[in-house]
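All remarks here apply to the structure that follows.
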Amino acid sequence: MQITSNKISNTKYMQIYLTKDELEKQETKEIIEKYKKEKYHISIFISGKENYPEILERIIVKQVELNRNVC
């Protein structure tokens, strides 16, 4: 599971990337509920196990690019 979060104009956003198996875990459900209570806008992206590492790599690369563009 990979979680990214941002705050834009006092609005909190969270993106959760995971597999279907991870989504069904109680721990994951608790994390989602915690952030819902904290008034985050949540997006959940589910991928298959076979392409999960590739998707995580893309997320990390994109986040690094975004962080470089902030400065």
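The values are calculated or read from the model by the stated rules, or taken from the named source; none is laboratory data. All of these numbers come straight from a predicted model, not from anything done at the bench. Counting neighbours? That spans all protein chains shown, and the Cβs are built from the backbone with ideal geometry, glycine included. Calculation scope for accessible area: heavy atoms of the full protein, side chains included, ligands and nucleic acids excluded. Shrake-Rupley method; radii C 1.70, N 1.55, O 1.52, S 1.80 Å.
Can you pull out the residues in the range 25-39 that are touching a strand residue (DSSP E or B) at 6+ places or on another chain (Cβ under 8 Å), basic (Lys, Arg) and exposed (fewer than 12 other Cβ atoms within 10 Å of the Cβ)? Correct list: Lys39 only. With respect to Glu22, is the statement that it is in contact with a helix residue (DSSP H, G or I) (Cβ under 7 Å, 6 or more places away or on another chain), outside any strand (DSSP E or B) and surrounded by 10 or more Cβ atoms within 10 Å (Cβ to Cβ) true? Yes, satisfied.
Residue pairs whose Cβ atoms lie under 9 Å apart, separated by 6 or more positions or on different chains, with the first residue in the range 45-71 and over 20 Å from Ser5 (Cβ atoms) and at pLDDT below 75 and the second open to solvent by 100 Å² or more (accessible area, probe 1.4 Å) and part of a helix (DSSP H, G or I), are Gly48/Lys20; Lys49/Lys20.
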